[in-house]
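The values are calculated or read from the model by the stated rules, or taken from the named source; none is laboratory data. Please read these numbers as outputs of a predicted model, since none were measured by experiment. FYI the Cβ positions are ideal-geometry reconstructions off the backbone, even for glycines, and counts take in every protein chain you see. Side chains are part of the model used for accessible areas, which takes the heavy atoms of the whole protein and leaves out ligands, DNA and RNA. Shrake-Rupley method; radii C 1.70, N 1.55, O 1.52, S 1.80 Å.
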Amino acid sequence: MKQIPDQLQRQIWATEQEILDVIHQVCTEYGLRYSLAYGTLIGAVRHKGFIPWDDDIDLMMPREDYEKLLAIWNEAAPKGYILQNTRTDPDFTQNFTKIRKDHTTFLQGESEREKHYHKGIFVDIFPGDRVAPSKLGKTVQYIACAVNLLYSRGHTSGSGGLIGKVENILLRAPKKKYATRRERAEKSIRRWNGNATLQYVFPNTIGCSRKLYPANLFENLKAMEFNGKQYMCAADPDTMLRIEYGDYMQLPPEEERVWKHHPILIDFEHNYEELMQG
């Protein structure tokens, strides 16, 4: 991918941080727990801000706080910040939530042009669920994670062999049944959420569905500097990041220091539909 001009990158970061400020404000006002996560947390620890080649902001929340945020967002957040997931937009193809800024565009590919949802600049919020305590329960939960992802995305994982064949068979179901099957799988994933002694899992990809976080992940959250402001993060970010990345302080090879998204259209004043009408 072509290198994004520095001025454009800084403007995207500023918009994303503006969205983060709104999320932080709502979570603080309503006592909801969240933590900087993934590349955003690496950025906070290693760079005190964005990783120079990162292009988004990621947050984690325990499921109960995540669900409360979804329930109150439209009333609690200022106008112009849109909550988006499979419950709000049937065309949406992820099992987590994005908060998008209205009157912006961040079109990630040609196929997204036909999707019937807002395509603005965003922050990702990933819900965490408690991990089943038994080996059998973990297997059942992992399968539920895979099914939930399959019916959220609407396409196979790209796996070959038996897994790929099973995925193709499952996707032959009428599309109108996808939502029911996705929700049934999510209910199975959430089955153990009443037990605060169990670990967390954040099953937003099949790989993440195997990474287990400490049961006390959201206890004693602390403020951490990110791009000149203070936001919340786990009390032990080192453990959190080593679970996900191993030696996260080691910089990746230079050829891997690229954006993970590939936007084909960016605008800071107009929604995609406004641009098309114009």
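Quick notes
- All positions within region 85-107 that are over 16 Å from the mean Cα position of the chain (by Cα) and open to solvent by 10 Å² or more (accessible area, probe 1.4 Å): Pro90, Asp91, Asp102, His103
- Scan of region 123-164 for residues that are outside any helix (DSSP H, G or I), open to solvent by 50 Å² or more (accessible area, probe 1.4 Å) and touching a residue at least 12 places away in the same chain (Cβ under 8 Å), ordered by number: Pro133, His155, Ser157
- Qualifying position, being modelled with pLDDT of 95 or more, open to solvent by less than 10 Å² (accessible area, probe 1.4 Å) and not basic (Lys, Arg), among Tyr38, Tyr34, Tyr81: Tyr34
- Residue that is farthest from Asp124 (Cα to Cα), among those in region 243-264 that are touching a helix residue (DSSP H, G or I) at 6+ places or on another chain (Cβ under 9 Å) and open to solvent by less than 50 Å² (accessible area, probe 1.4 Å): Tyr248
- Members of region 84-110 that are in contact with a Phe, Trp or Tyr (Cβ under 9 Å, 6 or more places away or on another chain), at pLDDT below 95 and over 18 Å from Ala185 (Cα atoms): Asp91
- Filter result for Trp73 (open to solvent by 10 Å² or more (accessible area, probe 1.4 Å) and aromatic (Phe, Trp, Tyr)): no
- Count of residues meeting criterion [part of a loop (DSSP other than H, G, I, E, B) and at positive phi] in region 2-48: 2
- Here Phe268 passes the criteria (1) farther than 24 Å from Asp65 by Cβ; (2) out of contact with any Ser or Thr (no Cβ under 8 Å at 6 or more places or on another chain) except the one numbered (2).
- Residue within region 25-48 that is free of Cβ contacts under 8 Å to residues at least 24 places away in the same chain, farther than 19 Å from Thr104 by Cβ and in contact with a helix residue (DSSP H, G or I) (Cβ under 6 Å, 6 or more places away or on another chain) present: no
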